[in-house]
Amino acid sequence: MDPEPNNKTASGTGNPKDESTLKAPSKDPKKKDDKKEEDLSEEDLALKHQLELYVERAQDADPGLQKVALESMRQEIRTSTSSMTSVPKPLKFLRPHYGTLKSYYETMADSDLKKLLSDILSVLALTMSAEGDRESLKYRLLGSEGDIGSWGHEYVRNLAGEIAQEYSKRVNEEASVDDLIELVEQIVAFHMKHNAEPEAVDLLMEVEFLDLLVKHVDKTNYKRTCLYLTSSARYLPGPDDMSVLDIAYTIYKQFEEYPSALQIALYLDNMQHVKQVFTSCPDLLRKKQFCYILARQGLSFELDEEMCADDEDREALQEIINNTKLSEGYLTLARDIEVMEPKSPEDIYKAHLLDGRASAGASVDSARQNLAATFVNAFVNAGFGQDKLMTVTSEASSGGSSNWLFKNKDHGKASAAASLGMIDLWDVDTGLAQLDKYFHSNDNHVMAGALLGVGIVNCGIKNDCDPALALLADYLDKEDSSIRIGAITGLGLAYAGTQNEQIRDKLTPILGDPKAPLDVIAFTAIALGLVYVGSCNEEVAQAIIFALMDRSESDLGEPLTRLLPLGLGLLYLGKQDNVEATAEVSKTFNEKIRKYCDMTLLSCAYAGTGNVLKVQHFLGQCAQHFEKGETFQGPAVLGIAMVAMAEELGLDMAIRSLEHLLQYGEQNIRKTVPLALGLLCISNPKVHVMDTLSRLSHDADSEVAMAAVLSLGLIGAGTNNARIAGMLRNLSSYYYKEASLLFCVRIAQGFVHMGKGLLTLAPYHSERFLLSPTALAGLVVLLHACLDMKAIILGKYHYVMYFVVLAMQPRMLLTVNENLKPLSVPVRVGQAVDVVGQAGRPKTITGFQTHSTPVLLAAGDRAELATEKYVPLSPILEGFVILKENPDYREEA
Amino acid sequence: MPTVSVKWQKELYPAVEIDTTQSPYVFKCQLYDLTGVPPERQKIMVKGGILKDDSDWSKLGIKEGQKLMMVGTADEIVKAPEKGPVFMEDLPEEEQVVAVGHSAGLFNLGNTCYMNSTMQCLHSVPELKSALIEYPQSGRSNDLDQSSHLLTVATRDLFNELDKNVKPVAPMQFWMVLRKKYPQFGQLHNGSFMQQDAEECWTQILYTLSQALRSPSTSANLDTVKELFGIDLVSRVHCAESGEESMETETVYSLKCHISHEVNHLHEGLKHGLKSELEKASPSLGHSTVYLKDSRINGLPKYLTIQFVRFFWKRESNQKAKILRKVDYPLELDIFDLCSDDLRKKLEAPRQMLRDEDGRKAGLKLKQKNTSSVDSDVKMSDAEGPSTGSGESSKATLGEGVASDKNVQLTGVYDLVAVLTHKGRSADSGHYVAWVKQENGKWIQFDDDNPIPQREEDITKLSGGGDWHMAYICMYKARTIPM
């Protein structure tokens, strides 16, 4: 019956469309009203006349009469504004009189009545005031300051919007905002009481007064509030996001939601907060859960007496942080899923499915194919402690011609020996025993491999005896550079993220050694970068900078030189502005490397931040066309992926931008795009990315094809994805003649079946909230090495492939009981649903299936307990989760 | 004297006493007793690295009850094998061929795919290769012209090159000589060489080779090419009008498969091709009349070449147009019913033996499956007796080549070994490709410089009926049985 588009949407922000619809009636109210009057029902007509009468009376000289009129007017409005599906009738009928009332208001003397009228005008302004006038706010401030909620939700929302505008105006004018804040407090209290936490948070963010939130949260709404805070933090610029998360941390801590508080503390990389969590939580069992969370993040963290008074307990906790039980848990999962049986590379290649195309004449060993088999074997059987190539022969009579190690050529033997470390991943005792045999070898390559293997086996595991340091330290100064590289890289892997000063003291002198060959220096820089990842350590930075400056002109052209800036960049991984001083220094470098260095530093510093401006900066760099392939565009393209991988939206945008680069970019960009795609969707085989990569894997340019093939492996890493496996199988027959491409295909096959499908390479964990810096660092090193595939991976430095070990984690949910023994409970596993800001208690997963733990979690999966019998000690069911018996649980009859 | 616990591999040795007055070597000997790891191989982790034999206990700060970790292996040390494996990458190129499993491709020198595919097909005939190897470099017989001699030498050299290389070969020399000998292949169109009919190329090369390989010394088997590819035909020429009848014999190098509306299969086409009508002057009638010529095969070659007559001269478009009709051809061809009665008689005995042997093989297999492992050994050796007596499997004899030529018998059964296909709408355009069965039984598609492995079932799909590659020339190899 109302032909006017209703303007219930005239909320805070108020768009221009509202304005136009609002103005229409006020221009020519008479005519419209005349027309309408005929349409009105009797009831409405009566109301209309009634209100007109009130308006008239309100302007009466008699204060008594005035009061009555205003009171009744208010009554009418209040009773009708509780719901706002259309413009309430009283408001509609009062609209024509807004002007009259306003002008009358100006003539009134100060009195309670004036305030009363002011209130009414404030409400009327909700639909009447022109855009930008903020009259609702104006009259509200002049009004009686009564209960704000009595005028209805819509009014409060509109007011909030106007406050935001007014606030920014006043801040610009440097005027006082005290009266506004007072109002804000009322509004926030109202919102928080009425399940409108997002609105409250939004308003507080607008007026930059989030601290107020802490006062208003209670047991019922703190979870929704914090969820909104943490999710919105992703989209906030500069220091704002940190302060938002700080508030969330405070709230979580206040309500003893310690695991969540700990996660935010980890996100903020604030060790002080982490410590606070430990000190403020009295419960030992919960502390154990904290330790599991810390261990997953790959953080090296020392507990002190303050955090846990009892020595024995502290030792138990420290053991969890040191990841000593990771191997055990992983094997529990493997046994449960029944994949303990070792797999040979042939089981992965499945050549029998490719009839007619399997390469003939297997009589002669191909060194390259054997090397590929070595890697595939290592990745597929990673962490299982048994395989069909490396470990079997050692049990049988050793040294026979059947020994797989010696089926590899020269430097290939290094990778083969190191693969033992991968097979015994995380199981330090067995791994070292296996590797020790090769320490007595007189073959330098075997030695180097054994040293690297020690690093791999210790990756992410800390041991009080520091076996890696003890074993490797003696080999750092050996004559042979492959042995040195083995030891240096081993240390880098074993102590990644620990900021161990002993390592620094041992490695930094190598950087300054004028006699050290370039490859040794390059790997030293990487190792230091890994150990001090994201630490912004000045001393290490200085050492690498000097090493870079000392390089001769010809050295700078070498493919391995790219690892030096990368080592420098890793020091600032995710540290944003902290890189500036170093970036400034890098501008003084030789111009051959200057731009490359700049891009690498920037991409590392903003990795995982989702900073849109930086993504645009990198895109801008890629838009330039050069006659001769400039190398700096490689890290720029990778930079897009590194920055944008932080959250889903930015990630999708980056994928689209990369498509453009593919179309318009030069060869040096095109060959990097697949790698960037690989990083964006790592262990997360999105179908459209899979298709793009599949297309590129047949590209005429072999470098593009190689990168695409490897990236197919990366996006499917540890998923056993059948589609990618099929694609790779077909590629293996397509490229059967091209040894280099076939090598890449094999490696990719190894990636896809990594850990027989129990592992993930994703550096993000805890529902994609936390980023493990060491994991990302490992991936970035691998990808940078892939920028010059021919010289590094297809050359003699193929062992850089083992840097992925830093990112390898079981993609499992393993529930344990209070004694940390595995406990099988039913859980629902399904696709995670974004519930931020949704009303009520929405389901957090969809399309779920019920399994019993331990279970595998795919990318984007979320689990929830399907039983009430236990209570998880962490809200996020990933990795190790301790279950406590639910005291309120009653067995159903 | 502090007591420590020592962890070695998965085992824990509690309560090991350290005598701090003695050198750490003594402690290592203690551990040797426990673990069996020789002291020199023991690596014990202590503060600041590995425990050295001459370290000072007091400086290491060993505490009571401390856990030490020892690494070391009691087993034998892994030694490198004396002789390392040989890697394909290290082999000289000739030997890599063996590993790759097929010979090299040929570069296209500008519309020379007709020549490349022809040469690839001929290259697959080992007997031709061995005959060429014996061909003398210089001594050309008088009745052979210089260009034929050069072409033969070039063919020999090209086959050699193909066998030696893994990477594609550029047949420059061969092509120059071919153009010299047959100038029609040097036709230019718009400044580039024209595409030619592969069948013409095939025929001309074979003709030249047959001239050149006619060995002057031995009088008997003088023509190797004829022996390998020649098909003896006996034809009855009959005139319906006059009732005249005469017999003719001739030798051809290929059978023609005529394609008409009724022809769906190679066999029908061959039958069609053996019947022809010709018009000639009849001596009895005194005017020219139609004679029916009905040919039968009287002598079989080792390699049976079959040409699909897919091209005919289309006057209106002035080019050789192509018949796209699908004509199926088998992997195993039996031409018994195309043979003359004489030949049939001769073939009967070998064919019976072939059937017997096939039957025996099948029967043997059955037997092997049924009998238990204990007595199967006896029966196996029993069964082997007659089979070795009558000869080895046909495949083995095939490989022996010309030397054992005398004592093998043809059976009239042929196996497909090479297919030359054409893709396109006319003989002088489109693309020629050779599909050749290798000695290891794998099929390779030689698309100029690019050899691609193919599956056997895809080979029979080249039978036409679309725009895909379709068979133009098929080469079958005789299945023989030793006598």
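The values are calculated or read from the model by the stated rules, or taken from the named source; none is laboratory data. For clarity, every value in this text was computed on a predicted model and none was experimentally measured. Positions of Cβ are backbone-derived with ideal geometry, glycine not excepted, and every protein chain shown enters the neighbour counts. Quick note on the areas: whole protein, heavy atoms, side chains included, nothing else; ligands and nucleic acids left out. Shrake-Rupley method; radii C 1.70, N 1.55, O 1.52, S 1.80 Å.
Matching residues to (1) at pLDDT below 90; (2) surrounded by fewer than 22 Cβ atoms within 10 Å (Cβ to Cβ); (3) among the polar types (S, T, N, Q):
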residue: A:S554; (1), (2), (3): yes, yes, yes
residue: A:E580; (1), (2), (3): no, yes, no
residue: A:S586; (1), (2), (3): yes, no, yes
residue: A:E591; (1), (2), (3): yes, yes, no
residue: A:D598; (1), (2), (3): no, yes, no
residue: A:A605; (1), (2), (3): no, no, no
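Find the residue count for segment A:380-398, including only residues that are more than 9 Å from chain B (Cβ to nearest Cβ) and either at pLDDT below 50 or in a helix (DSSP H, G or I) (or both).
At the first step, the residues of segment A:380-398 found to be more than 9 Å from chain B (Cβ to nearest Cβ) are A:380-392, A:395-396.
If we keep only those that are either at pLDDT below 50 or in a helix (DSSP H, G or I) (or both) too, we end up with A:380, A:390-392, A:395-396.
Residues flagged as more than 9 Å from chain B (Cβ to nearest Cβ) and either at pLDDT below 50 or in a helix (DSSP H, G or I) (or both) within segment A:380-398 amount to 6.
Going through segment A:662-674 one residue at a time, which ones are open to solvent by less than 10 Å² (accessible area, probe 1.4 Å), assigned to a helix (DSSP H, G or I) and within 16 Å of A:Y596 (Cβ to Cβ)?
A:I669
Kindly list the number of the only condition in (1) of a type in the set (K, R); (2) under 24 Å from the mean Cα position of the chain (by Cα); (3) within 23 Å of B:Q307 (Cβ to Cβ) that fails for B:K164.
Only one criterion is unmet by B:K164, namely (3).
Those residues that are closer than 23 Å to A:L425 by Cα and open to solvent by less than 10 Å² (accessible area, probe 1.4 Å), I need them from segment A:495-531; list them, please. I'd like the intermediate steps shown before the answer.
First, pick out the residues of segment A:495-531 that are closer than 23 Å to A:L425 by Cα: A:495-500, A:503, A:523-524, A:526-531.
Within segment A:495-531, A:I503, A:F523, A:T524, A:I526, A:A527, A:L528, A:G529, A:L530, A:V531 qualify.
Taking the criterion of being without any contact (Cβ under 8 Å) to a residue 40 or more places away in the chain, over 23 Å from A:A646 (Cβ atoms) and among the hydrophobic types (A, V, I, L, M, F, W, C), would at least one residue in segment A:261-277 satisfy it?
Yes, because at least one residue in segment A:261-277 is without any contact (Cβ under 8 Å) to a residue 40 or more places away in the chain, over 23 Å from A:A646 (Cβ atoms) and among the hydrophobic types (A, V, I, L, M, F, W, C).
I want to confirm something. Restricting to segment A:176-189 and keeping residues that are closer than 11 Å to A:A160 by Cα and of a type outside the set (V, I, T), which single residue is surrounded by the fewest Cβ atoms within 10 Å (Cβ to Cβ)?
Result: A:E185.
Is it the case, given these coordinates, that B:E245 is loosely packed, with under 12 Cβ neighbours inside 10 Å, out of contact with any His (no Cβ under 6 Å at 6 or more places or on another chain) and farther than 22 Å from B:A478 by Cβ?
Judged against the criteria, B:E245 is not a match.
Look through segment A:455-491, keep the residues that are of a type in the set (A, V, I, L, M, F, W, C) and touching a residue at least 60 places away in the same chain (Cβ under 8 Å), and return whichever of them is farthest from A:I320 (Cα to Cα).
A:I456
Return the total of residues in segment A:693-708 being in a helix (DSSP H, G or I) and crowded, with 20+ Cβ neighbours inside 10 Å.
Kept after step one, since they are in a helix (DSSP H, G or I), are these residues of segment A:693-708: A:693-696, A:702-708.
Now narrow it down to the ones that are crowded, with 20+ Cβ neighbours inside 10 Å: A:693, A:696, A:703-708.
The qualifying residues number 8.
Scan the helices (runs of 4 or more DSSP H) fully inside segment A:466-580 and keep the ones with 1 or more residues being out of contact with any strand residue (DSSP E or B) (no Cβ under 8 Å at 6 or more places or on another chain), closer than 23 Å to A:A785 by Cα and away from chain B (no Cβ under 14 Å). Let's see the steps before the verdict.
Working: elements: A:467-473, A:481-494, A:501-512, A:518-531, A:538-550, A:553-556, A:563-571.
Where helices (runs of 4 or more DSSP H) fall fully within segment A:466-580 and carry at least 1 residues being out of contact with any strand residue (DSSP E or B) (no Cβ under 8 Å at 6 or more places or on another chain), closer than 23 Å to A:A785 by Cα and away from chain B (no Cβ under 14 Å), they are A:481-494, A:501-512, A:518-531, A:538-550, A:553-556, A:563-571.
Determine whether segment A:839-850 contains at least one residue that is in contact (Cβ under 8 Å) with a residue 40 or more places away in the chain and at negative phi.
yes
Could you check, for segment B:386-405, whether at least one of its residues is among the basic types (K, R) and at pLDDT 80 or above?
For segment B:386-405, residues among the basic types (K, R) and at pLDDT 80 or above: absent.
Could you please find all residues in segment A:581-598 being touching a residue at least 24 places away in the same chain (Cβ under 8 Å), part of a helix (DSSP H, G or I) and not acidic (D, E)?
Matches in segment A:581-598: A:T582, A:V585, A:S586, A:K592, A:I593, A:K595, A:Y596, A:C597.
Give the residue that is nearest to the chain's Cα centre (by Cα), with candidates limited to residues of segment A:161-194 that are over 19 Å from A:E145 (Cβ atoms) and not in a helix (DSSP H, G or I).
Among them, the one singled out is A:H194.
Out of the strands (runs of 3 or more DSSP E) lying entirely within segment B:232-285, which hold 1 or more residues that are more than 27 Å from B:C201 (Cβ to Cβ)?
Once the strands (runs of 3 or more DSSP E) in segment B:232-285 are filtered for at least 1 residues that are more than 27 Å from B:C201 (Cβ to Cβ), what remains is B:245-252, B:275-281.
Under 7 Å between Cβ atoms, which residue pairs at least 6 apart in sequence (or on different chains) link something in segment B:183-203 that is over 18 Å from B:T155 (Cβ atoms) with a partner that is open to solvent by less than 10 Å² (accessible area, probe 1.4 Å)?
B:Q195/B:Y114; B:D197/B:Y114; B:D197/B:A427
If you take the residues in segment A:399-436 that are touching a residue at least 40 places away in the same chain (Cβ under 8 Å) and open to solvent by 20 Å² or more (accessible area, probe 1.4 Å), which one is farthest from the other protein chains (Cβ to nearest Cβ)?
This residue is A:H411.
Listed here are the residues, each with its yes/no results for (1) open to solvent by 10 Å² or more (accessible area, probe 1.4 Å); (2) modelled with pLDDT of 90 or more.
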| site | (1), (2) |
| --- | --- |
| A:H216 | yes, no |
| A:R224 | yes, no |
| A:L236 | yes, no |
| A:A261 | no, yes |
| A:I264 | no, yes |
| A:F278 | no, yes |
| A:K288 | yes, yes |
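Within segment A:530-565, can you find the residues that are charged (D, E, K, R) and without any contact (Cβ under 8 Å) to a residue 12 or more places away in the chain?
Answer for segment A:530-565, where residues must be charged (D, E, K, R) and without any contact (Cβ under 8 Å) to a residue 12 or more places away in the chain: just A:E538.
Would you pick out the residues in segment A:437-465 that are among the polar types (S, T, N, Q) and either part of a helix (DSSP H, G or I) or more than 10 Å from chain B (Cβ to nearest Cβ) (or both)?
Answer for segment A:437-465, where residues must be among the polar types (S, T, N, Q) and either part of a helix (DSSP H, G or I) or more than 10 Å from chain B (Cβ to nearest Cβ) (or both): A:N444, A:N458.
Looking at segment A:791-812, is at least one residue in a strand (DSSP E or B) and of a type in the set (S, T, N, Q)?
yes
Between a first residue in segment A:737-762 that is touching a residue at least 24 places away in the same chain (Cβ under 8 Å) and within 14 Å of chain B (Cβ to nearest Cβ) and a second residue that is in a helix (DSSP H, G or I) and surrounded by fewer than 24 Cβ atoms within 10 Å (Cβ to Cβ), which pairs have beta carbons less than 6 Å apart while being 6 or more apart in sequence or on different chains?
Close Cβ pairs satisfying both conditions: A:A739/A:R368; A:S740/A:L794; A:F743/A:R368.
Collect the residues in segment B:434-483 that are away from chain A (no Cβ under 14 Å), without any contact (Cβ under 8 Å) to a residue 60 or more places away in the chain and in contact with a helix residue (DSSP H, G or I) (Cβ under 9 Å, 6 or more places away or on another chain), keeping them in residue-number order.
B:W468, B:H469
If you go through segment A:114-130 one residue at a time, do you hit one that is acidic (D, E) and under 16 Å from A:L70 (Cβ atoms)?
yes
Report, by residue number, each residue of segment B:11-38 that is surrounded by fewer than 18 Cβ atoms within 10 Å (Cβ to Cβ) and either assigned to a loop (DSSP other than H, G, I, E, B) or within 14 Å of chain A (Cβ to nearest Cβ) (or both).
B:E11, B:L12, B:Y13, B:D19, B:T20, B:T21, B:Q22, B:S23, B:G36, B:P38
Can you tell me which residue in segment A:709-734 is farthest from the other protein chains (Cβ to nearest Cβ), limited to those that are open to solvent by 10 Å² or more (accessible area, probe 1.4 Å) and assigned to a loop (DSSP other than H, G, I, E, B)?
A:T719
In segment A:877-892, what residues are open to solvent by less than 60 Å² (accessible area, probe 1.4 Å) and in contact with a Phe, Trp or Tyr (Cβ under 8 Å, 6 or more places away or on another chain)? Give the derivation first.
First pass over segment A:877-892, keeping only residues open to solvent by less than 60 Å² (accessible area, probe 1.4 Å): A:877-883, A:886.
A:G879, A:F880, A:V881, A:I882, A:L883, A:N886 - these are the residues of segment A:877-892 that are open to solvent by less than 60 Å² (accessible area, probe 1.4 Å) and in contact with a Phe, Trp or Tyr (Cβ under 8 Å, 6 or more places away or on another chain).
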